[in-house]
Every structure is written in structure tokens, then in C-alpha cells.
Amino acid sequence: MTAEDCLEIPVKLQCLNGWPPVSNEYLWFKVLGEGLFVKSYPFFVKGLSFGDVLFDTREEKNDVLDVEWKDKSGNSTIWMACRSQDDFDELYDCLREQFNVEGLAEFNLLSVCLMEWQALKELDEAVEGLGNSISFEIAYPSLRHEEV
């Protein structure tokens, strides 16, 4: 991904009780005509996944984007909040071998993109392979996989 291909655009967040710790999340998008193709793995934008296409709701180039879907991908976004830096490091190292994952070490957060061709069971098996050695919480803000 090069700067010529993509734009980094702030996306407006809904904050509740001080979370998330920011009011906007900056994500990478590829411009597709009137739509914006999501090229990032979101940490705080609920319901959004890599590969989604959003309407460009900005009036000016530097405005914050409101999330309005033009098309949703079949990809799921899974958030994992680790209890410690050591847990974060171990989980991140394990998952990045098999999945598209980004880490936000400052908050011990992982954003996992489960591509539509991957099974949710694959993620479960990878995490179970770590045993009880790590502690984390998991959320499914954009679950598009039908199997549970």
C-alpha cells in the first residue's frame, strides 16, 4: 500500500464512559469512485471490517468520516484485549502467523481480520493452542461468519 493508492481518514467514534480513549480513529482507505474501500483493521469502529466499502460522507477533504456502508465484505473483525504486555506479545506472535492482525501495544489490543474464506474455528484452535498461559477478553464487533 503506497501513499498514492490510499488515504488516511479520521472516522468518527461513539464514546461511552471514556471508551474508546480517542474521539476519532484514523484508518486507511482506497478511493473507489464514490466509495472508500477499508484497507485497515479497525480497533474502535464497531461493525467495520477490512474490505467494506463506505460512502464518502465528508464535505471537505479534511473532514471526519461518518460510517455509512455502501457494501459490506464477508470479513469479520475480532478484538482481543490482553491483561498484560506479556499476554499481548504472546497472542500477537501466535496469531500473526495465520491471520491478518494488527496490534495496539499501548492498550494491549489486537484487531484480527478473519477473512471470509477462513473459519472462525481456525481462530479458536489457534488460541486454544496457547492453553491457559494467557489472559484476554474477546469481542466480535463485526461478525460476518455464520458458523459460531
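Values in this text are rule-based calculations from the coordinates and carry no lab data. The structure presented is a predicted model; accordingly, all values stated were derived computationally and were not measured.
Cross-link reach is defined here as a Cα-Cα straight distance under 20 Å, omitting same-chain residues fewer than 8 places apart; for Lys30 the lysines meeting it are Lys12, Lys39, Lys46, Lys61, Lys70, Lys72. In this structure, the amide hydrogen of Gly47, modeled 1.01 Å from its nitrogen in the peptide plane, lies closer than 5 angstrom to those of Ser142, counting only residues at least 5 positions away or on a different chain. A cut-off of 5 Å between modelled amide H atoms, ignoring neighbours fewer than 5 places along the same chain, links Asp56 with Leu36.
Using helices alone, I'd like the mean residue ellipticity at 222 nm for the chain: each DSSP H run of four-plus residues gives -39500 (n - 2.57), total over residue count, nearest 500. Each step should come with its number before you reach the end.
Working: 2 runs with 20 residues, N = 148.
My calculation for the chain gives -4000 deg cm²/dmol from helical runs alone.
Across segment 128-135, computed HN-Hα scalar couplings (Karplus, 6.51 cos²θ - 1.76 cosθ + 1.60, θ = phi - 60°) run 4, x, 7, x, 9, 6, 10, 10 Hz from first to last residue, x flagging Gly and Pro. Per-residue Karplus couplings for segment 34-45, computed as 6.51 cos²θ - 1.76 cosθ + 1.60 with θ equal to phi - 60°, are listed in order as 8, x, 10, 7, 6, 10, 10, 9, x, 9, 10, 7 Hz, Gly and Pro entered as x.
Let me make sure I get this right: for segment 6-71, a, b and c are the square roots of the gyration tensor eigenvalues over alpha carbons, sorted descending. Under 1.5 in a/c it's rounded, otherwise prolate if a/b > b/c, else oblate. Which is it?
Taking the square roots of the gyration eigenvalues as a ≥ b ≥ c, segment 6-71 is prolate.
The distance separating the Cα centre of segment 115-147 from that of segment 1-43 comes to 23 Å. The angle separating the long axis of helix 85-95 from the principal Cα axis of greatest extent in the chain is about 80 degrees.
Regarding segment 76-142, what is the average projected area of its C-alpha convex hull, in nm²? Numbers along the way, then the final one.
Details: hull surface 15.9 nm².
Averaging across all directions leaves 4.0 nm² for the Cα convex hull.
Within the chain, the ratio Rg/Rh, alpha carbon atoms throughout and Rh by Kirkwood, equals 0.98.
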